[in-house]
1. Can you name every residue in region 176-204 that is at pLDDT below 90 and either on the phi > 0 side of the Ramachandran plot or in contact with a strand residue (DSSP E or B) (Cβ under 9 Å, 6 or more places away or on another chain) (or both)?
2. crowded, with 17+ Cβ neighbours inside 10 Å and touching a helix residue (DSSP H, G or I) at 6+ places or on another chain (Cβ under 9 Å), is that true of residue 245?
3. Can you work out which of the residues in region 44-65 that are closer than 15 Å to residue 110 by Cα and surrounded by fewer than 19 Cβ atoms within 10 Å (Cβ to Cβ) is modelled with the lowest pLDDT?
4. From the set of residues in region 211-231 that are surrounded by fewer than 19 Cβ atoms within 10 Å (Cβ to Cβ) and touching a helix residue (DSSP H, G or I) at 6+ places or on another chain (Cβ under 8 Å), which is farthest from residue 166 (Cα to Cα)?
5. Quick check on this structure: which one of 6, 22, 90 is modelled with pLDDT of 95 or more and under 22 Å from residue 115 (Cβ atoms)?
6. Can you tell which of 89, 122 is in contact (Cβ under 8 Å) with a residue 12 or more places away in the chain and surrounded by 13 or more Cβ atoms within 10 Å (Cβ to Cβ)?
7. Against the conditions (1) touching a residue at least 40 places away in the same chain (Cβ under 8 Å); (2) assigned to a helix (DSSP H, G or I); (3) closer than 30 Å to residue 241 by Cβ, where does residue 148 fall short? Just the number, please.
């Protein structure tokens, strides 16, 4: 499967975390030839107040990641993601076998003597960690998609400074769930444009709008709230869109 790297921001144990994940691995996971999960934990030398690596240290860490992947990918190692939080960076790999992996990584890390590293290896044939902890949930997926929409708007000459109508959609398994959601979003100031069964006739859809400037910071807050609200009403928020304004 092709690699499809993307990132999202979340919280882990109360601390802000930045997660980079290969979304493309989802299509072939779990892989029977990679049944072992390895975590390489790196203690940062100069973390920012948010617990992330600074610009200079990020370059060194990227060099480390690239070196490990280059040296070990052909030897039964698949790099699937990383998490930066709380002054450390965790790198995650799925392995063909664990016997020699720790020794090989330890040898590679000799090129980075300033860093303390901890290696943990465990069986995970169903890739439960990838699906349950690395792969983004519904809210995080919408965060990624929102960033892509904003990037597309900017690439078409939109400076994202002008308010415009922003369209949203959500789907629900029962009409009653949709109707209670409609009441909730109307109370928040949204305008309902349509409310009907979805194309597959198995879910009930609602199309609603509001006026705003679609900067990423603003729309991320909107999307996070709508995702949670849809889940509270047993449905799913399906994203947003708007016209290009130049």
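1. Narrowing region 176-204 to residues at pLDDT below 90: 194-203.
Scanning region 176-204 gives 194, 195, 196, 197, 198, 199, 201, 203.
2. Numbers: crowded, with 17+ Cβ neighbours inside 10 Å: no; touching a helix residue (DSSP H, G or I) at 6+ places or on another chain (Cβ under 9 Å): yes.
No: the conditions fail for residue 245.
3. Applying the first criterion (closer than 15 Å to residue 110 by Cα) to region 44-65 yields 60-61, 63-65.
In the following step, the residues that additionally are surrounded by fewer than 19 Cβ atoms within 10 Å (Cβ to Cβ) were identified as 60, 63, 65.
On the way: 60: 95, 63: 95, 65: 92.
For region 44-65, the residue satisfying everything is 65.
4. Looking at residues that are surrounded by fewer than 19 Cβ atoms within 10 Å (Cβ to Cβ) and touching a helix residue (DSSP H, G or I) at 6+ places or on another chain (Cβ under 8 Å), I get 231.
5. Values: 6 fails: under 22 Å from residue 115 (Cβ atoms); 22 fails: under 22 Å from residue 115 (Cβ atoms).
Exactly one residue qualifies, and that residue is 90.
6. Details: 122 fails: surrounded by 13 or more Cβ atoms within 10 Å (Cβ to Cβ).
Only one candidate qualifies: 89.
7. If we test residue 148 against (1) touching a residue at least 40 places away in the same chain (Cβ under 8 Å); (2) assigned to a helix (DSSP H, G or I); (3) closer than 30 Å to residue 241 by Cβ, just (1) comes out false.
So that you can scan it fast, the table gives a plain yes or no per residue for (1) closer than 24 Å to residue 211 by Cα; (2) free of Cβ contacts under 8 Å to residues at least 24 places away in the same chain; (3) assigned to a strand (DSSP E or B):
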| residue | (1), (2), (3) |
| --- | --- |
| 110 | no, yes, no |
| 139 | yes, no, no |
| 152 | yes, yes, no |
| 166 | yes, no, yes |
| 178 | yes, no, no |
| 181 | yes, no, no |
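The values are calculated or read from the model by the stated rules, or taken from the named source; none is laboratory data. Here the structure is a predicted model, which means the values were calculated and not measured. Cβ coordinates were reconstructed from backbone atoms using ideal geometry, including for glycine residues, and neighbour counts include every protein chain displayed.
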